[in-house]
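So the structure is just underneath, and the comments pick up after that.
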Amino acid sequence: QVIKCKAAVMWEINKPFSIEEVEVAPPKEQEVRIKIVATGICRSDDHVITGALVMPFPVILGHEAAGVVESVGKGVTSVKPGDKVIPLFVPQCGECSSCLNTKGNLCNKNDFGSAAGLMPDGTSRFTCKGKVIHHFVGTSTFTEYTVVHESAVAKIDPAAPLDKVCLIGCGFSTGYGAAVQTAKVDPGSTCAVFGLGGVGLSVVIGCKAAGASRIIAVDINSDKFAKAKELGATDCVNPKDFKKPIHEVLIEMTGQGVDYSFEVIGHTETMTAALASCQYNYGVSVIVGVPPAAHKITFDPMLLFTGRSWKGSVFGGWKSKDSVPKLVADYMKKKFVLDPLITHTLPLTKINEGFDLLRTGK
């Protein structure tokens, strides 16, 4: 059956979301239709609205969510109706080179590179006012019902609170994994985290869990510092308080620079600043924020020649289908907290207010 439900549709670039009635087609072979219970707002969704991340319109955004399986298509074996699940914007097909390699997690079936905005078979499951609506990175969670491919959904503990573990669908896993999985932060090391949104704070949680002795939180919004300290930051630095470049400030604070730095904003200037602020020989800098389209980085190659490593991290380096259920289990065992990352809870109809809160740093 086609389901008619509410969704937040983005008709064109730089416009507000429009709450519409959409038709959600039944799942085809190897597909799963999910009733979305909770979804987070992420800066990556906003990047699509502003054009920094190029995707086809009209589109249903959203990629950080949790819900319940409503129905499954032919051949689906990993989930059944009634299961609690988290949709995965990084799928795990289990067959491509990245899935088969222990070092990789960005499955070839992802929809970042091509940005087709369609299901793997090249069609959409959404229509509104007679028009085809695009999917977003295989998830599209700003809707009461969505359809995903079986490789893009993970079954989780039925006791998990969906309004909290939805963060494991993107923000928390991305930040926490960048520290413990991509950088592999060592006990006793020094870390710098650029950007203290939900993902940046999750990097702080990861650095602390890994046993870092010093965690320097960097943001131009000092209102973010109290929460960063609560979650494990030992120092907080606002670049606006200094006349000199931030990497020089961090090198002065630490002697030789930090062991690990993380750029969790998505600006090219802060990416090079984070690289320059880590130790010249064995420092590791990780890009976590989505880089803006059409921007290029110019930097002194001597920064890398001396031995630094520059890495990228998508979804915290986790193999999604394998790791998400384990991360939910760890949350249930109280191995980490999620509640401090949740600042506001709004109904879907107030999604535009939610994005205003994101854009004003609240």
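The values are calculated or read from the model by the stated rules, or taken from the named source; none is laboratory data. Being a predicted model, the structure only gives us computed values, none of them experimental. Positions of Cβ are generated from backbone atoms using ideal geometry, with glycine treated the same way; all protein chains shown enter the neighbour counts. Side chains are part of the model used for accessible areas, which takes the heavy atoms of the whole protein and leaves out ligands, DNA and RNA. Shrake-Rupley method; radii C 1.70, N 1.55, O 1.52, S 1.80 Å.
Structure data summary
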| item | result |
| --- | --- |
| Top-ranked residue of segment 115-129 - restricted to ones that are open to solvent by 30 Å² or more (accessible area, probe 1.4 Å) and either aromatic (Phe, Trp, Tyr) or more than 20 Å from Glu20 (Cα to Cα) (or both), ranked as modelled with the lowest pLDDT | Ala116 |
| Selected residue [open to solvent by 10 Å² or more (accessible area, probe 1.4 Å) and farther than 13 Å from Gly289 by Cα] from Ile168, Ile205 | Ile205 |
| Count - residues of segment 308-318 that are open to solvent by less than 40 Å² (accessible area, probe 1.4 Å) and either assigned to a loop (DSSP other than H, G, I, E, B) or touching a His at 6+ places or on another chain (Cβ under 6 Å) (or both) | 3 |
| Residues of segment 333-362 satisfying the condition of being farther than 28 Å from Lys6 by Cα and surrounded by 14 or more Cβ atoms within 10 Å (Cβ to Cβ) | Phe336 |
| Qualifying residue in segment 301-309 (condition: under 30 Å from Glu95 (Cβ atoms) and either touching a residue at least 12 places away in the same chain (Cβ under 8 Å) or within 20 Å of the chain's Cα centre (by Cα) (or both)) | yes |
| Residues (outside any helix (DSSP H, G or I) and open to solvent by less than 10 Å² (accessible area, probe 1.4 Å)) located in segment 171-193 | Ser189, Cys191, Ala192, Val193 |
| Checklist (1) touching a Cys at 6+ places or on another chain (Cβ under 9 Å); (2) surrounded by 24 or more Cβ atoms within 10 Å (Cβ to Cβ) applied to Val147, failing item | (1) |
| Hits in segment 30-80 - residues which are within 16 Å of the chain's Cα centre (by Cα) and of a type in the set (Lys, Arg) | Arg43 |
| Enumerated strands (runs of 3 or more DSSP E) restricted to segment 1-50, each holding at least 2 residues that are acidic (Asp, Glu), modelled with pLDDT of 95 or more and surrounded by fewer than 21 Cβ atoms within 10 Å (Cβ to Cβ) | 18-24 |
| From Gly75, Gly104, residue being farther than 18 Å from Val324 by Cβ, open to solvent by less than 80 Å² (accessible area, probe 1.4 Å), part of a loop (DSSP other than H, G, I, E, B) and not aliphatic (A, V, I, L, M) | Gly75 |
| Among residues of segment 91-100, those that are open to solvent by less than 70 Å² (accessible area, probe 1.4 Å) and over 17 Å from the mean Cα position of the chain (by Cα), counted | 5 |
| Flag if Pro81 is assigned to a loop (DSSP other than H, G, I, E, B), touching a residue at least 12 places away in the same chain (Cβ under 8 Å), in contact with a Ser or Thr (Cβ under 8 Å, 6 or more places away or on another chain) and crowded, with 24+ Cβ neighbours inside 10 Å | no |
| Count of segment 211-228 residues which are free of Cβ contacts under 8 Å to residues at least 60 places away in the same chain and closer than 15 Å to Ala192 by Cβ | 11 |
| Of all residues making up segment 272-307, the number that are closer than 11 Å to Phe194 by Cβ, open to solvent by 30 Å² or more (accessible area, probe 1.4 Å) and of a type in the set (Gly, Ala, Ser) | 0 |
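This table checks each residue for (1) at pLDDT below 95; (2) under 29 Å from Pro292 (Cβ atoms); (3) in the same structural domain as Val24 (by the TED database).
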site: Asn110; (1), (2), (3): yes, yes, yes
site: Lys131; (1), (2), (3): no, yes, yes
site: Thr141; (1), (2), (3): no, yes, yes
site: Tyr145; (1), (2), (3): no, no, yes
site: Ser151; (1), (2), (3): no, yes, yes
site: Ala159; (1), (2), (3): no, no, yes
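Listed here are the residues, each with its yes/no results for (1) surrounded by fewer than 22 Cβ atoms within 10 Å (Cβ to Cβ); (2) within 19 Å of Lys362 (Cα to Cα).
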| position | (1), (2) |
| --- | --- |
| Leu201 | no, yes |
| Ile215 | no, no |
| Asp223 | yes, yes |
| Asp235 | yes, no |
| Phe242 | yes, no |
